[in-house]
Each structure stands twice: as structure tokens, then as C-alpha cells.
Amino acid sequence: MAKISINIKEGKVDKVSDIIVGIDLGTTNSLVAYIKDGKALAVTSKNGKSTLVPSIIHFDNDGGIIVGTEARDKLISDPQNTIYSVKRLMGKSYGDLENFDRYFGYKIIDEDNDSLVKIRVGDKFYTPIELSAEILKVLKLRIEKDLGEKINKAVITVPAYFNDSQRQATRDAGKLAGLDVLRIVNEPTAASLAYGIGLSPDENRTIAVYDLGGGTFDISVLQIQNGIFEVLSTNGDTFLGGDDFDRAIIDFWIKENNLDSNILNQNKELAQIIRLEAEHAKKSLTNNDNFSSSINDLHLNITKIQFEEITNSLVQRTLDCCRNVISDAKISVEEIDHIVMVGGSTRIPQVQNAVTTFFGKSLFNDLNPDEVVALGAAIQADVLAGNQKDILLLDVTPLSLGIETVGGLMDTIIPRNSKVPNKVGRQYTTSVDGQKNLKVAVYQGERDLVNDNRKLGEFILKGIPPMPAGLPKIEIQFILNADGILKVKAKELRSNVETEIEIKSQYGISEEEMAKILIDSIQNAEADMKIRGLLEARNEANNILLSSDKFLIQNEEILSIEEKTQTKLLIENLRNSTKEEDKDAINKAMDDLNIFTSPLAHRAMDVNIQKAMKGKKV
Ligand code: ADP
Ligand code: MG
């Protein structure tokens, strides 16, 4: 049933459509699609020319914003105020980007390594979420014009390797654009749906989705069984795409014209003109054997054979990723039934040939490779709208998820490439007698030390009843929902004390929210440091208590009665201090015990050495 809402400002009644739209929010191009008369259809612009909206945003001096083709033209005339590739920044902190910020022609703000990147345009700051929302708003308007109805529900696709922050950021962008994002779907899953693969319930298939876009390459292996889609593995290169093919042509022309390669660094405008001409040449070589043009006195010629020579290494790099994805999926090439081609750059004949040879099979490439993902998203949206029989979609987690354990080690709970949704529990215990609190810090990544991985969040399980170290049974549960969003629960099983958090992106939408998060993190930092200091002191105290107890037993005969009494007193004192929340008191009690016992320990050692010597023939 369509809902009717009243637009108070204009006093007219807006019909809100039942349709859930599918959106491919791409690095280079974005588009929107929906199901019309049972068929997926990508929506074109007013003049009906193209379904693609370049993912480019331009800001003029009066705060006006344009998105798409017109914004792309500003790349040449006004690069500082023209934002592209914003998808690369979604859910990223500046620390994540340190090594590649020079890639961008606009300003990325370095506030603090752990906070969200922001983009500076003039004297304003924008988050990648806000910028993506601008693209989504244009897509929303486009389809509303086409349908003559308002829409407010969408499915948005993301790369299979997107982590939790990146998925959440995409969801937030949708919200900001006035869309209720019902599902975040992996791009390869959408692509296979577009080809109708897996739509019949008794179909068993293993497929590879080869996606070569403008700036990125992704390869995924999916297994489809009884209408269930499961991503077995993903691989790729976030800096390999159509842009690299353009760059190869530019380098070729620089050589052919005997130009100083610095000239393009010095003349940004010329650089952009040549870049666009190179892309033009690349596209034209799809259907022609040579390309020739000129700008001023530069001759810009290239043959198809020359183009294939200079880009062969790029194509080979994609095949290396294909090899890896297959070995990660623990299958052989022969087991792959279908290869689905996605992304504008898969139109390049050399790419098609290389992929066909590699897999030894013909390709699924009948659909427009620019549109496949959006069309599949529209099909998924239609399924969610209840218009198609239920297809269950299972996706994969691209990075391992785990918690920090003693010594800053990563303990993986859900390994990478596990199915989503997923639920895994594991038991832990305390390392200190009487430990009341347990910090659960959640990380994502593949390194052994949590410091090298990405922290997703943390919480403290409070109120564990005092028990000797090792006795509490603390179950930590990781629950990943179908969107890849994680909930973590901790429960002490003897006492039923429990707590949980939903791991949301640290990167909110509004400035207020952002400010609150920053303030919270500063406030918590102090509390965290206190807790850490206390836990560390307790840890150390516990070790000392253990060795002191042993020392008393082992050196029964060496110590005088007074020495024993005093040592026992100091041990008791230390033990009591660990039950309080005062780090300084614990440290003081440790010092007192140490100072008193260290001369005793020396004496005991001397005696023990002499004993040992006696037994030996020298
Ligand atoms: P993304 O997924 O990154 O948004 P797309 O799938 O839209 O990217 O692919 C854009 C890329 O496809 C661009 O690099 C563009 O030059 C390239 N492309 C489009 N058409 C052709 C063609 N006929 N031949 C070669 N490359 C093409
Ligand atoms: Mg794409």
C-alpha cells in the first residue's frame, strides 16, 4: 500500500512509492535502478542519455553544489573545489590514508590520526558521509522525477571487502539523503543476481565475479546453493582500475612526443585535458584498431596493439588476484561454473580475452557492465519488498574479528571470509584474583598484535563477583547480522552478570554527534587509563603474591619466625589492596613487600647455591 504524506511547504500531496530502489554508489560512477514490469531497469537522466552519474561533487563559491557530469567538467577548471573518489574515504581515519593522500587533488584534513577524515572545501569541512549523501540525493531526485512519486527506501551496494565502519558510513549517507537503507548488499552478490544466477532454488553454482571499475579491482568467488548466496573469498587491488589504463596511455604519449614528464605536474589544466583524451582513446580502442588526435602541437596517436602492450602488466596483475581468490576459496579453477564481468573497464577486449583464457570458460557479459550491480541491487530490493519468493543472501566478513587478550594479543573469534550472518561464542576467564571488571576491546584485522589492527570499540563487563583468578567463566559472543554489523556480548556464566555493545562506526553523521564522540573519547581516555593502570598493578601484584607464597614454603628452614611473620603480614596487606580500586595502594603494598623480602631472598639464594654445590663433584 502506498502511503500518502502531505508536503506542508507546497501544500500538495506527495505519493510515497512502495518501490524499494537499488543503488550502486560507485567510486567513479553511481546509478539507481528499480523493477519495472518485472524487469530491472536503470534510470537515465532527463535527456535520457546516460544511466551513470559520475561520483563527482563540485562546490561553487556561494555554497551551491552540483553533482555528476557537470561537476566532472570542473575537475579541469576548479580542481580544489571538486571532489572525486569519495568512496575511498568512507569510514576511514586519516591514519588509514597516510600513504595515499597525495592521490587526491583536494584537501583532506589531518586533525588527529584516529578521527574521521574530513575534506576541506573553501572554509567548510565535509565528511565523506555528507559528500556521498549529495550523490545519493541526486539519484533519489532522478528516480522520483521518473516515477512521479517520492521514494524513501533503498538497498545500497558496497564492495565485499568493506569493513564495518565503511558499511555503517554508507548506511549513514543514505539516512542523510532521506533514505531508509533496508539492506547493504555486496556488489558481487548483486551482480550475480542481475544475471539471474541462483534465482531458482535447486541451482548449485560456484561463480567468480570479476569487477574492474575506474580505480579499483575486485574479484570474488561466490557459492550459490538452494537459493543461498555465500561469498567464499574476496581479493583485489584498491589501486588498480581504468584510471591506470588511462595513465599508461598518458605515459606513452609523453614518451612519443619527447615531453618532460614534469610538464603535467606543472600544468594541471593540460594534465586534465590529456587525461580525458586518454580515456577517450581507451574507450575508442574497444571498437577500433587505432586512435589519433592532437592537442595544440601534440600528436596523440596510439594503436590497439600498442595499447595492449603497455597495459599487459595491468591485466596480469588482475589475474594474480584471481589466482589468490581461488586458493583462498580452497577450490580449483575448473570448479567455477560462471564468470560474471562487472565494471566499465571489462569492456576492454584484452581484459575479456585474458579472463576467458584464465578461467577456460566463456563469460557472462551480455548486460551493460556499468549497470550490472545496480540492476542486481534492484532485484534484491524487490525481494525485500516481498515481490519475489524469498532468496536468502549470505555474505562474507572480509577481515577477522576478535578481542584483545593478555599482552595486547589479538584473539580472533570470527575469522576472515566467514559467513554472514554469524554467531560465535568463546569462554575466557580472569587473570587476577578478585577481578571485578573485564575490559573487552574489539578489533578487526589480521595481525597478531591488536595495536596493528583496527579498533572497532570496547566496553567493560562490570560487577563480576570476587573469585580467584581463573574461576570466572566469561563467555564472549560475537553476533554479526546480515549487513555485517557486529554486536558483542559478554556474560559471566557463574553470576549471570552481562553486558553488550553494538559496534557502530565511530564516524557519525552530524557535527554535534561528532563533537560528542570526541568529548566522550577524551573523557573515556582518562577513565580507561585509570582502569588500565589499576589492572596492570593488579596483574603484577598477583604475580608477586604467587611467588611470595612459594618463597615462604620453599625457604621454611632458612627464615626466622619473625621474618616469616612479617612477610606473611605484608603478603596479606598486598592481597587486600588488590581487592580495592586504588592503584597507588597496590603499588605501595608491592614496594613494602619487596623491600622487606629482597635481602631475605638474597640470603636464601646463597644458601640454596651452596646446597646445590655440595651435591656436585667439581
Ligand atoms: P566504478 O565501479 O569504480 O564506479 P565503473 O564500473 O563505472 O567504475 O567503471 C568506470 C571505468 O570504466 C572508467 O575508468 C572508464 O574509463 C571505464 N570504461 C567505460 N567504458 C569503457 C570502454 N568502452 N573501454 C574501456 N574502459 C571503459
Ligand atoms: Mg563498481
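The values are calculated or read from the model by the stated rules, or taken from the named source; none is laboratory data. It should be emphasised that the depicted structure is a prediction, and the values quoted were computed from it without experimental measurement. Quick reminder, even Gly has a Cβ in these numbers, built from the backbone with ideal geometry, and neighbours come from all protein chains shown.
The table below lists the values:
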read-out	value
Some residue of the stretch 298-318 being closer than 28 Å to residue 54 by Cα, among the charged types (D, E, K, R) and within 16 Å of ligand 2 (Cβ to nearest atom)	no
Matching residues, the stretch 303-330, being modelled with pLDDT under 95 and not in a helix (DSSP H, G or I)	329, 330
Condition broken by residue 258, with the remaining ones in (1) assigned by TED's automatic domain parsing to the domain that holds residue 20; (2) surrounded by fewer than 18 Cβ atoms within 10 Å (Cβ to Cβ); (3) of a type outside the set (Asp, Glu) satisfied	(1)
Total residues in the stretch 343-392, condition touching a residue at least 24 places away in the same chain (Cβ under 8 Å) and within 22 Å of residue 307 (Cβ to Cβ)	16
Members of the stretch 198-225 found to be more than 16 Å from ligand 1 (Cβ to nearest atom) and buried (at least 17 other Cβ atoms within 10 Å of the Cβ), listed by number	198, 206, 207, 208, 221, 222, 223, 224
Any hit, the stretch 64-74, residues being hydroxyl-bearing (Ser, Thr, Tyr) and either at pLDDT 90 or above or part of a loop (DSSP other than H, G, I, E, B) (or both)	yes
First in the stretch 590-611 and not assigned by TED's automatic domain parsing to the domain that holds residue 542, second anywhere and in a helix (DSSP H, G or I), Cβ under 6 Å, 6 or more apart	none
Matching residues in the stretch 226-255 - criterion: being surrounded by 18 or more Cβ atoms within 10 Å (Cβ to Cβ) and either assigned by TED's automatic domain parsing to the domain that holds residue 29 or without any contact (Cβ under 8 Å) to a residue 12 or more places away in the chain (or both)	none
Failed condition for residue 414, given (1) modelled with pLDDT of 90 or more; (2) surrounded by 20 or more Cβ atoms within 10 Å (Cβ to Cβ); (3) among the hydrophobic types (A, V, I, L, M, F, W, C)	(1)
Search result, residues across the stretch 357-375 that are part of a helix (DSSP H, G or I) and out of contact with any strand residue (DSSP E or B) (no Cβ under 7 Å at 6 or more places or on another chain)	357, 358
Unique residue being more than 23 Å from residue 130 (Cα to Cα), outside the structural domain of residue 90 (by TED's automatic domain parsing), within 16 Å of ligand 2 (Cβ to nearest atom) and among the aliphatic types (A, V, I, L, M) when the list is 212, 199	212
Residue, farthest from residue 606 (Cα to Cα), within the stretch 532-555, restricted to residues that are exposed (fewer than 15 other Cβ atoms within 10 Å of the Cβ) and at pLDDT 85 or above	549
Scope the stretch 331-351; condition part of a helix (DSSP H, G or I), in contact with a helix residue (DSSP H, G or I) (Cβ under 7 Å, 6 or more places away or on another chain) and surrounded by 17 or more Cβ atoms within 10 Å (Cβ to Cβ); matching residues	344, 345, 346, 350, 351
Meets criteria (in the same structural domain as residue 415 (by TED's automatic domain parsing) and modelled with pLDDT under 85) for residue 480	yes
Residue that is farthest from residue 374 (Cα to Cα) [pool: residues in the stretch 29-42 that are out of contact with any helix residue (DSSP H, G or I) (no Cβ under 7 Å at 6 or more places or on another chain) and touching a residue at least 60 places away in the same chain (Cβ under 8 Å)]	29
Residue match in the stretch 263-286 (condition: among the hydroxyl-bearing types (Ser, Thr, Tyr) and in contact with an Asp or Glu (Cβ under 8 Å, 6 or more places away or on another chain))	no
Residues of the stretch 240-293 that turn out to be within 16 Å of ligand 1 (Cβ to nearest atom) and among the hydrophobic types (A, V, I, L, M, F, W, C), as a count	13
Entirely in the stretch 179-274, the helices (runs of 4 or more DSSP H) that have 2 or more residues that are polar (S, T, N, Q)	187-194, 263-266
